[in-house]
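Asker: Supplied in structure tokens, the structure appears directly below.
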Amino acid sequence: MKFIADFHVHSKYSRATSPDMNVEALASWAERKGINLLGTSDFTHPNYFAELRLRLKPAGNGLFQLKKGNSPTRFMLTTEISNVFTARGRGRRIHTLIFAPSFEVVSKLNTKLKRIGNVSSDGRPIFGRHVKDMVKLVLDTSPDCLLVPAHAWTPWFSLYGSNSGFDSIEECFEEEAKNIYCIETGLSSDPAMNWRLSALDKITLISNSDAHSPRKIGREANIFDCEMSYPEIIDVLKKKDPKRFLSTVEFFPEEGKYHFDGHRSCNILFSPSESKKHKNMCPVCKKPLTLGVMHRVEALADRPEGYQPPNAIPCKHLIPLEEIIADALGQKPGTAAVNSEYNSLVEKGGNEFRVLLDLTPEELSRCTTDRIAEGINLVREEKLKIIPGHDGVFGQIKIFDKSKKKTVPAAVSDQVKKYQAPTKAKSIQMRLF
């Protein structure tokens, strides 16, 4: 069966997260979005794990469903953890996702983790162990678990991070590298960027929302065509099977908040080439720039932009429907008018992903205004304008041309890009405007 999965979200027990992040609210929004399978998130937190056991019941296939009601949404037991340690003479900070098949396995794993760190402090706990030791601990608990490097390219807290990461999976995980089958590309990176590294040809690239509020789930996701069960999904991820793993749904990576280089406090935004001209130093405060994902990819890539390996799983770049509607109406997301049109369109179209991916232009025109339908089609064609994100600031994305001059950060002469249709290799080509 074909289904959409988002494995990485957070609960209300994680920092800077909505109090509405509970399984009931997540299930409700999943139906609205068209997401069939969600990660539970944060199963290491004792309070949240107790809630999960109270509110979920096994669905009989390694997945879970709400005890009350008849929601079609299914859940997989997942969590994110942080490892902060020293290796090769440098401080390292690596975030990973853990997938688990049952409450019993999670209970055993949590008992072990409680001995080595404070699992009650946050939904995403911090451990002072080398990340390779965490792989062994997890798989010793159950070989059916899966550990995946999270948001692998962000400057901090990631496998390839420019500030505290490594140059390869082997350098990071050492003898446990053989047990790393997947990486999460993160919001500031997409598969086309990762295809430039031949070392990742055998690695499955997954994409998830990392949502901190219910309305943000599904901003990145994964589309499968297989049995919706824990064993089957893990098998697909380990084998990188394009017949069963159809594609990922992606942010436009420039919209991610660590795509380009810069200093938010100094109002500086640089492309990698501009950063190199300034020797990676901020021209305002004279301190090192925060080097973004594109800079890091350029440093590690052994292939040119636009290369697509033969076994690549394709991707679809989307903008959340609420943002398309807001741009079409000239308003901000969350206003009454935007919410009203969103709810109407989702009701008529079935769900958000069906509206964004499946409805024909004729069907769209029957469900909404011409301008909103035009916006959806422009996103499908990838004809957009984006000021790339940098140093923790999300990119600014515009679908419609406007005569009013935009306010952009300083030093942005060659950073603001106009999207053209993707090449056959599905890499995004950018032109100045």
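The values are calculated or read from the model by the stated rules, or taken from the named source; none is laboratory data. Remember, it's a predicted structure, so these values are computed and weren't measured experimentally. We place every Cβ from the backbone using ideal geometry, glycine too, and count neighbours over all the protein chains shown.
Asker: Can you tell me which residues in region 275-289 are surrounded by fewer than 24 Cβ atoms within 10 Å (Cβ to Cβ) and in contact with a Ser or Thr (Cβ under 8 Å, 6 or more places away or on another chain)?
Answerer: CYS285
Asker: Could you tell me which of the residues THR17, THR96, THR40 is touching a residue at least 40 places away in the same chain (Cβ under 8 Å) and crowded, with 22+ Cβ neighbours inside 10 Å?
Answerer: Being touching a residue at least 40 places away in the same chain (Cβ under 8 Å) and crowded, with 22+ Cβ neighbours inside 10 Å holds for just one of THR17, THR96, THR40, which is THR96.
Asker: Kindly indicate whether ASN267 is closer than 17 Å to GLN396 by Cβ, outside the structural domain of PHE64 (by TED's automatic domain parsing) and either surrounded by fewer than 16 Cβ atoms within 10 Å (Cβ to Cβ) or without any contact (Cβ under 8 Å) to a residue 60 or more places away in the chain (or both).
Answerer: When the stated conditions are applied, ASN267 passes them.
Asker: Here is a further query. Which residue, of GLU227, GLU184, is under 19 Å from LEU37 (Cα atoms), within 11 Å of the chain's Cα centre (by Cα) and of a type outside the set (S, T, N, Q)?
Answerer: GLU184
Asker: A further question follows. Which of the residues that make up region 294-315 are buried (at least 20 other Cβ atoms within 10 Å of the Cβ) and of a type outside the set (A, V, I, L, M)?
Answerer: The answer is HIS295, ARG296, CYS315.
Asker: Here is a further query. Looking at this structure, is TYR307 among the hydroxyl-bearing types (Ser, Thr, Tyr) and not in a helix (DSSP H, G or I)?
Answerer: yes
Asker: Being in the same structural domain as PRO155 (by TED's automatic domain parsing), assigned to a strand (DSSP E or B) and closer than 25 Å to SER209 by Cα, is that true of even one residue in region 285-302?
Answerer: Looking for residues that are in the same structural domain as PRO155 (by TED's automatic domain parsing), assigned to a strand (DSSP E or B) and closer than 25 Å to SER209 by Cα, one finds none in region 285-302, hence no.
Asker: Ok, one more. Only one residue in SER365, SER344, SER340 is among the polar types (S, T, N, Q), touching a residue at least 24 places away in the same chain (Cβ under 8 Å) and part of a helix (DSSP H, G or I). Which one?
Answerer: Step by step, each of SER365, SER344, SER340 is checked, and only SER344 is among the polar types (S, T, N, Q), touching a residue at least 24 places away in the same chain (Cβ under 8 Å) and part of a helix (DSSP H, G or I).
Asker: Any residue at all in region 85-94 that is at pLDDT 95 or above and over 20 Å from SER164 (Cβ atoms)?
Answerer: No, because not a single residue in region 85-94 is at pLDDT 95 or above and over 20 Å from SER164 (Cβ atoms).
Asker: Which residues, counting only those in region 39-62, are under 15 Å from GLY123 (Cβ atoms), hydrophobic (A, V, I, L, M, F, W, C) and either assigned to a loop (DSSP other than H, G, I, E, B) or touching a strand residue (DSSP E or B) at 6+ places or on another chain (Cβ under 6 Å) (or both)?
Answerer: PHE43
Asker: Specify which of the listed residues (GLY218, GLY256) is among the small types (Gly, Ala, Ser), modelled with pLDDT under 95 and in contact with a Phe, Trp or Tyr (Cβ under 8 Å, 6 or more places away or on another chain).
Answerer: Only one candidate passes the filter, namely GLY256.
Asker: I'd like to verify a number: residues in region 131-162 that are over 30 Å from GLY389 (Cβ atoms) and in contact with a Lys or Arg (Cβ under 8 Å, 6 or more places away or on another chain), how many?
Answerer: The qualifying residues number 3.
Asker: Outside any helix (DSSP H, G or I), under 20 Å from PHE252 (Cβ atoms), in contact (Cβ under 8 Å) with a residue 24 or more places away in the chain and β-branched (Val, Ile, Thr): which single residue out of ILE372, ILE319, ILE325, ILE376 fits that description?
Answerer: Among ILE372, ILE319, ILE325, ILE376, only ILE319 is outside any helix (DSSP H, G or I), under 20 Å from PHE252 (Cβ atoms), in contact (Cβ under 8 Å) with a residue 24 or more places away in the chain and β-branched (Val, Ile, Thr).
Asker: Which members of region 16-55 meet the condition of being closer than 17 Å to ILE217 by Cα and of a type in the set (D, E, K, R)?
Answerer: ASP20, GLU24, GLU31, ARG32, LYS33, ASP42
Asker: I would also like to ask the following. Considering only residues of region 198-229 that are hydroxyl-bearing (Ser, Thr, Tyr) and farther than 12 Å from ALA5 by Cα, which is surrounded by the fewest Cβ atoms within 10 Å (Cβ to Cβ)?
Answerer: Residue satisfying both the conditions and the ranking: SER198.
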